[in-house]
Amino acid sequence: MKFLWFHLMPYMGLPENFTEKYRSVWVDIDRGLFDPVEAHRMYNDFLDEMEFAAEVGFDAVCVNEHHANAYGMMPSPNIMAATMARRTKDAAICVLGNSLALYNPPIRVAEEMALLDLISGGRLIAGFPVGSPMDTCYAYSQNPNMVRDRYYEAHDLIMKAWQADGPFDWNGRFNKMRNVNVWQRPVQEPHPPVWIPGGGSVETWEWCARRDYLYSYLSYFGYKMGRKTMAGYWEKVKEVGKDPNPFRAGFLQFVGVAETREEAIKLYREPAEYFYNRCLHVDPRFTGPPGYLSETSIRANLGSQVAAAANAAQDRYAGVLATAANTMEGFLEKGYMVIGSPDEVAAQLREMAVELNVGNLMVLLHYGNMKKDVANYNTQMFAEKVAPQLRGLFEDKWENHWWPKPLAAAERAYPQPFLEAAE
């Protein structure tokens, strides 16, 4: 089993009355709430946390792309990934990912991801999300009816750019280019492993299965609510004749580890309540533009977790949501989070991994307004006391074909601090 340390980089200074005074954390959030000096400190703390995760043994660190919001402050995940590529030694760099429909031209993604793979010595995981409706349709003004078509064409162009023998012309619906020549090729051939993050689209399930891409469900609400989505994905995998290798799938889970469950609840209560109440305070107007979700997905009754969070947020805004639902006790009752001692957390995660058939576990160990020392404590507890209990899960039967294949150590170039440490 692989463990990936996932960071959203949320803005940690939203006021206590945010949910009562402001309608949304996304798209039209009040720019007056942003303090550049505080953000400077946050970003550097966040990068420290990611480097620490790599040092204590996580298999990968994960970054992601969002726009015009305080929920996840990485408009360019490639910038964050570049710092990790240079300042980590062995951990994979999971860019989950670049929202392809937003890049004009998309070969920019091919170039930058190739650079990341080259700098890191072949440690890149290339994530290609369609992108949330808030990011694509509102923050970047894309037509919701065309987002997925733009995405598919951008993907095809990037793949050809990585693998072509020489310059070529591209005459697509959305991109018309002469002399496409992405000269930098990734270390990994024919390309880095491709992961597709999603929220439950039927088309995404089938597309991943047919192309042998990894499907990664980025869930806010825990594995209990993720059962339907993952069951749908595995059914689609079976339909297209592929094997049920658990390493075809990834799942995101909020986790809090301490010596005891009581200590964990006390320690992680504030950041959890900050995240679920403020960071997911989204206006429903932005979550479901007509045309964004396909008829097939609508008929499959696949509700958007973002829309669900937005509806709850507006109930809070209107003051009609029961207070208990907004607390740590409410989150635990609904199964949003895995909280407890190392043995308790390991047992719950084992049950989750087996039930969902997921071999790549992304864990959110920093969330909300969690301070760096608490995040590092959570990270170290997980790495030293939880991960070893699960490390060999699935590996006796299945091979992970969706993991990077870096250069051998003898071929790699290491930054001077790593060379000095080795001496």
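Coordinate-derived values only; no laboratory data. These numbers were taken from a predicted model, which means no experiment stands behind them. Heads up, the Cβs are rebuilt from the backbone with ideal geometry, glycines too, and the neighbour counts pull from every protein chain shown.
General observations
- Per-residue Karplus couplings for segment 89-103, computed as 6.51 cos²θ - 1.76 cosθ + 1.60 with θ equal to phi - 60°, are listed in order as 9, 10, 5, 5, 10, 9, 8, 10, x, 9, 6, 4, 5, 9, 9 Hz, Gly and Pro entered as x.
- Cysteines, the chain, no other Cys beta-carbon under 4.7 Å: 137, 208, 279
- Residue pairs, from the table 266/372; 266/385; 160/236, whose Cα atoms sit over 21 Å apart: 160/236
- Residue-averaged [θ]222 nm for the chain, counting only DSSP H segments that reach four residues, each worth -39500 (n - 2.57): -12500 deg cm²/dmol
- Highest mean packing first, where packing is the average number of other Cβ atoms within 10 Å per residue, the peptides 71-77, 131-137 line up as 131-137, 71-77.
- Each Cα pair under 8 Å and six or more residues apart adds its separation to the average, and for segment 2-418 the resulting relative contact order is 22 percent.
- For the chain, a Gaussian network of Cα nodes joined below 10 Å ranks 257, 386, 282 by mean-square fluctuation, and the top entry is 386.
- Build a GNM of the chain with springs between Cα atoms under 10 Å apart, and of 18, 251, 382 the one that fluctuates most is 18.
- Long-range amide H partners of residue 125 with built H, under 5 Å: 93, 94, 95
- Couplings for segment 340-347, taken from phi via the Karplus curve 6.51 cos²θ - 1.76 cosθ + 1.60 with θ = phi - 60°, read x, 6, x, 5, 5, 5, 4, 5 Hz in order; Gly and Pro are left as x.
- Restricting segment 346-411 to GluC sites (Glu not before Pro) in coil, as DSSP defines it, with at most 14 other Cβ within 10 Å: 395, 399
- Segment 102-236, Cα convex hull volume normalised per residue, Å³: 123
- Excluding the site residues themselves, the longest part of the chain lacking any trypsin sites (Lys or Arg not before Pro) in a DSSP loop with at most 13 other Cβ atoms within 10 Å is 174-370.
- DSSP bridge pairs, segment 2-418: antiparallel proportion in percent, nearest 5: 10
- If you plug the beta carbon distance of residue 371 and residue 410 into 1/(1 + (r/R0)^6) with R0 = 60 Å, you get a FRET efficiency near 0.90.
- Residue 51 paired with residue 86, simple spin-label distance in nm, labels 7 Å along Cα-to-beta-carbon: 1.1
- If R0 is 30 Å, the Cβ-Cβ spacing of residue 79 and residue 35 corresponds to a FRET efficiency of close to 0.90.
- When the convex hull of its Cα atoms is viewed from all sides, segment 1-100 shows a mean projected area of 7.5 nm².
- Options [x] 2.26; [y] 0.95; [z] 1.01 - which one matches Cα Rg over 2.2 N^0.38 Å as calculated here: [y]
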